[in-house]
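**Q** My questions all concern the structure below.
The values are calculated or read from the model by the stated rules, or taken from the named source; none is laboratory data. In this text the structure is predicted, and so the values were computed from the model without any measurement. Virtual Cβ from ideal backbone geometry, glycine too; neighbours counted across all protein chains shown. Side chains included, ligands, DNA and RNA excluded: accessible areas come from the protein's heavy atoms. Shrake-Rupley method; radii C 1.70, N 1.55, O 1.52, S 1.80 Å.
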Amino acid sequence: MTTILAIESSCDDTSAAVLRDDRILSNVIASQKVHEQYGGVVPELASRAHQQNIIPVVDAALRQADVSSQSIDAVAFTRGPGLLGSLMVGVSFAKGFAQARNIPLVEVNHLQAHVLSHFIRRDDNTLPQFPFICLLVSGGHTQILLLRDYFDMEVLGQTIDDAAGEAIDKAAKIMDLGYPGGPVIDRLAKEGRDDAYHFATPAIPGYDYSFSGVKTSFLYFLRDHLKEDPQFIEHHRADLCASIQACIVDFLLRKLERAVIASGVRQVAIAGGVSANSRLREGLQRLGKKHHWEVFIPPFQFCTDNAAMVGIAGYYKYLRNDFADISLPPYAR
Ligand code: KG4
Ligand code: ZN
């Protein structure tokens with residue numbers, strides 16, 4: 001039996017989790033509210049907030065798990081990619097904790113952690129089997145991945161510019177809906193018509209994506225309509241949310257569907273913050289029924305950034321004795 005303390009601090013969530021083998025004992029997340037007023041993450045403020053949060057969050061995770069720091073066997077931490085100042089806080093904490101107790105350190109790649117969150121064992125889930133395909137969609141990444149093993153991931157397609165979450169957040173910002181905009185757009189879209197407005201998606205070869213044009217055409221569309229009706233956004237908010245969400249999510253699903261069919265793989269997962277989106281979740285369920293795929297949709301708590309996913313990735317590395325050196329620096333990209 002292995003008990004792992006996991007730390008995630010790559011962006012604006014300070015999180016700590018305790019895992020016993022592949023099960024979670026606790027998963028504490030402190031989301032930083034300070035960025036809301038700026039409409040996006042301010043890196044300098046993020047690192048400061050991590051610094052304030054890290055010790056209380058780890059204490060809470062140990063307490064909720066009812067585990068003493070003496071019984072931790074290894075510390076897993078997100079090494080990158082992410083904001084350097086944010087990563088530094090988690091990396092330094094993990095090193096200090098491991099050094100003080102003379103236990104191994106396990107470095108985790110944030111993207112692998114999102115995907116491997118599907119291997120967190122619960123009473124109500126079955127785990128994916130290799131090979132499977134995962135659409136990883138977050139604020140920083142959009143990739144279709146083929147997983148042959150826990151740490152053997154082939155990129156079948158990816159965005160050539162903005163990430164899907166970034167595009168959704170920017171659309172929300174243009175409509176003055178606050179940050180992060182994904183959850184707000186998702187909620188407002190439920191009251192709107194998804195075919196009210198049409199925003200074109202670019203023709204990109206293969207399984208790659210591009211979202212910067214979508215964002216620009218949304219901006220120009222609004223600029224034109226605001227000339228005629230300065231209250232256009234207020235008058236049509238739900239329809240705008242439903243239409244832009246449909247444009248982005250359906251684009252994600254179209255390419256995913258083609259990539260999965262071409263691969264012959266029959267197990268398909270989604271991961272990352274945007275996998276919390278209701279249209280994406282329903283769309284994948286529908287594709288699963290249509291093609292007889294087995295689909296894996298993460299519980300909400302594992303979609304956006306959290307340390308439990310770092311813990312499960314760390315656990316599989318721990319089993320391989322894949323330990324990190326105390327001198328390892330974090331990496332931004
Ligand atoms: O994985 P994550 O927490 O952080 C990164 O690694 O980037 O993803 C955050 C992203 C944000 O862009 C946020 O707007 C988006 O996930 N998001 C959503 C929803 N919940 C979070 N996007 C669409 N619908 C949602 N329900
Ligand atoms: Zn993430």
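**Q** Taking Val18, is it among the β-branched types (Val, Ile, Thr), in contact with a His (Cβ under 7 Å, 6 or more places away or on another chain) and touching a residue at least 12 places away in the same chain (Cβ under 8 Å)? Before you say what the answer is, go through the steps one by one.
**A** Working: among the β-branched types (Val, Ile, Thr): yes; in contact with a His (Cβ under 7 Å, 6 or more places away or on another chain): no; touching a residue at least 12 places away in the same chain (Cβ under 8 Å): yes.
Criteria not met by Val18.
**Q** Ok, one more. Which residues, taken from the stretch 5-26, are open to solvent by 10 Å² or more (accessible area, probe 1.4 Å) and either among the hydroxyl-bearing types (Ser, Thr, Tyr) or within 10 Å of ligand 1 (Cβ to nearest atom) (or both)? Write out each step before concluding.
**A** From the stretch 5-26, those open to solvent by 10 Å² or more (accessible area, probe 1.4 Å) are 11-13, 20-25; that's our starting set.
Within the stretch 5-26, Cys11, Asp12, Asp13 meet the criteria.
**Q** Just checking, which of Phe77, Phe97, Phe119 is in contact (Cβ under 8 Å) with a residue 40 or more places away in the chain and over 19 Å from the mean Cα position of the chain (by Cα)? Talk me through it step by step, then tell me what you get.
**A** Working: Phe77 fails: over 19 Å from the mean Cα position of the chain (by Cα); Phe119 fails: over 19 Å from the mean Cα position of the chain (by Cα).
After ruling out the rest, the residue left standing is Phe97.
**Q** Then there is this: Looking at (1) of a type outside the set (Gly, Ala, Ser); (2) more than 19 Å from Met309 (Cβ to Cβ); (3) in contact with a helix residue (DSSP H, G or I) (Cβ under 6 Å, 6 or more places away or on another chain), can you tell me which one Val75 breaks?
**A** (2)
**Q** Further question on the same structure: Inspect all residues belonging to the stretch 168-183 and state whether any of them is open to solvent by 30 Å² or more (accessible area, probe 1.4 Å), closer than 23 Å to Leu256 by Cα, among the acidic types (Asp, Glu) and under 17 Å from the mean Cα position of the chain (by Cα).
**A** Yes, the conditions are met somewhere in the stretch 168-183.
**Q** Need at least 3 residues that are closer than 19 Å to Gly283 by Cα per element, so show me which helices (runs of 4 or more DSSP H) inside the stretch 157-254 make the cut, counting only ones lying wholly within it.
**A** On the way: elements: 164-174, 182-189, 212-228.
Of the helices (runs of 4 or more DSSP H) lying wholly inside the stretch 157-254, those with at least 3 residues that are closer than 19 Å to Gly283 by Cα span 164-174, 182-189.
**Q** I'm trying to understand the selection: among the residues of the stretch 288-317, which are in contact (Cβ under 8 Å) with a residue 60 or more places away in the chain, in a helix (DSSP H, G or I) and over 14 Å from Asn109 (Cα atoms)?
**A** Hits for the stretch 288-317 are Gln301, Phe302.
**Q** Kindly establish whether Thr201 is open to solvent by less than 70 Å² (accessible area, probe 1.4 Å) and among the polar types (S, T, N, Q).
**A** Details: open to solvent by less than 70 Å² (accessible area, probe 1.4 Å): yes; among the polar types (S, T, N, Q): yes.
Yes.
**Q** Same structure again: Does the stretch 153-167 hold any residues that are among the acidic types (Asp, Glu) and either closer than 25 Å to Val265 by Cα or open to solvent by 30 Å² or more (accessible area, probe 1.4 Å) (or both), and which are they? Even if it seems obvious, please write down each step before you answer.
**A** Going residue by residue through the stretch 153-167, those that are among the acidic types (Asp, Glu) are 154, 161-162, 166.
Hits for the stretch 153-167 are Glu154, Asp161, Glu166.
Table: residues versus (1) farther than 24 Å from Pro299 by Cα; (2) crowded, with 18+ Cβ neighbours inside 10 Å.
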{"position": "Arg63", "(1), (2)": "no, no"}
{"position": "Ser68", "(1), (2)": "yes, no"}
{"position": "Phe77", "(1), (2)": "no, yes"}
{"position": "Leu84", "(1), (2)": "yes, no"}
{"position": "Gln99", "(1), (2)": "yes, no"}
{"position": "Asn125", "(1), (2)": "no, no"}
{"position": "Leu136", "(1), (2)": "no, yes"}
{"position": "Leu147", "(1), (2)": "no, yes"}
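**Q** Only one of these is more than 14 Å from ligand 1 (Cβ to nearest atom), farther than 30 Å from Met309 by Cα, crowded, with 17+ Cβ neighbours inside 10 Å and assigned by TED's automatic domain parsing to the domain that holds Ala262: Ser210, Ser243. Name it.
**A** That would be Ser243, the only listed residue that is more than 14 Å from ligand 1 (Cβ to nearest atom), farther than 30 Å from Met309 by Cα, crowded, with 17+ Cβ neighbours inside 10 Å and assigned by TED's automatic domain parsing to the domain that holds Ala262.
**Q** Any residue that is in contact with a Ser or Thr (Cβ under 9 Å, 6 or more places away or on another chain), within 16 Å of ligand 2 (Cβ to nearest atom) and β-branched (Val, Ile, Thr) - is there at least one of those in the stretch 156-169?
**A** yes
**Q** Can you tell me which residues in the stretch 279-317 are aromatic (Phe, Trp, Tyr) and either touching a Ser or Thr at 6+ places or on another chain (Cβ under 6 Å) or open to solvent by 80 Å² or more (accessible area, probe 1.4 Å) (or both)? Break it down stepwise before answering.
**A** Step one: filter the stretch 279-317 for residues aromatic (Phe, Trp, Tyr), giving 293, 296, 300, 302, 315-316.
Phe300, Phe302, listed by residue number.
**Q** So, in the stretch 261-280, of the ones that are in contact (Cβ under 8 Å) with a residue 60 or more places away in the chain and away from ligand 1 (no atom under 16 Å from the Cβ), which residue ends up nearest to the chain's Cα centre (by Cα)? Reasoning before the result, please.
**A** At the first step, the residues of the stretch 261-280 found to be in contact (Cβ under 8 Å) with a residue 60 or more places away in the chain are 263, 265, 267-280.
With away from ligand 1 (no atom under 16 Å from the Cβ) added as a condition, the list becomes 263, 265, 267-268.
On the way: Ser263: 24, Val265: 23, Gln267: 20, Val268: 16 Å.
My answer is Val268.
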